[in-house]
Amino acid sequence: MSTTIHYFGKIKSQEAIREIQEEFREIAQVSGWSHEMVDHVFVQEGEIPGARLSLKGIRLTLNKTTSPLQLTFDKEGYLSHIFYEKAPADLLQRGMVAGTRQILHQVHTNITARSSDVSTHVTLVKLLDYLKKRYIPNLEVIDNTGYWYSRDEAVLGSKKLELVKK
């Protein structure tokens, strides 16, 4: 079983993206986490000129059971994740989409962690807290465990299912 934390907001300034990259790279190195600097322009086949999507920031991977913490921003400064998805077959057949892929732009990001990994969940919330205090004052977080709001580690404990006797 896993838990998901969704987070979204807009950085206070474009210049702060470089600060986030440098600061969180150092945090990753000291903590022994892998990281990837992101500075990429995504190209879509048959795209309209000037409609390219860009992404800049850093991705941190805390461990193998957690998806990367994406501190990546679009050209307007919103936390974003850009990914490729195959275009529906009917659109391809009618010639409405060129090529075999289209780009989807998601203006919020999320991270998924194994629900039994309490320490990683606490660490993720601490990192998001710091991000909100220093760089993204309007950061909104949706934590399906409720830990973001309560800070009660008891909500992170695994819940056992019991069979009811007839």
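Here's how it looks for L139: its modeled amide H is under 5 Å from none belonging to a residue 5 or more places away or on a different chain. Net charge around W148, counting only other residues with Cβ within less than 13 Å of its Cβ (Lys, Arg = +1; Asp, Glu = -1)? Local charge sum for W148: -2. Per-residue Karplus couplings for region 2-11, computed as 6.51 cos²θ - 1.76 cosθ + 1.60 with θ equal to phi - 60°, are listed in order as 9, 10, 10, 10, 9, 8, 8, x, 10, 5 Hz, Gly and Pro entered as x. Here the 3J(HN,Hα) profile of region 58-65, calculated from phi with Karplus coefficients 6.51, -1.76 and 1.60 at θ = phi - 60°, is 8, 10, 10, 10, 6, 6, 6, 9 Hz, Gly and Pro shown as x. FRET efficiency for the A16 to E140 pair, using the beta carbon distance and R₀ = 22 Å, is estimated at 0.80.
Read-outs throughout are calculated quantities, based only on the coordinates presented, and are distinct from any laboratory measurement. Note that this is a predicted model, so its numbers are computed, not measured. As a convention, Cβ positions derive from the backbone with ideal geometry for all residues, glycine included, and neighbour counts pool all protein chains shown.
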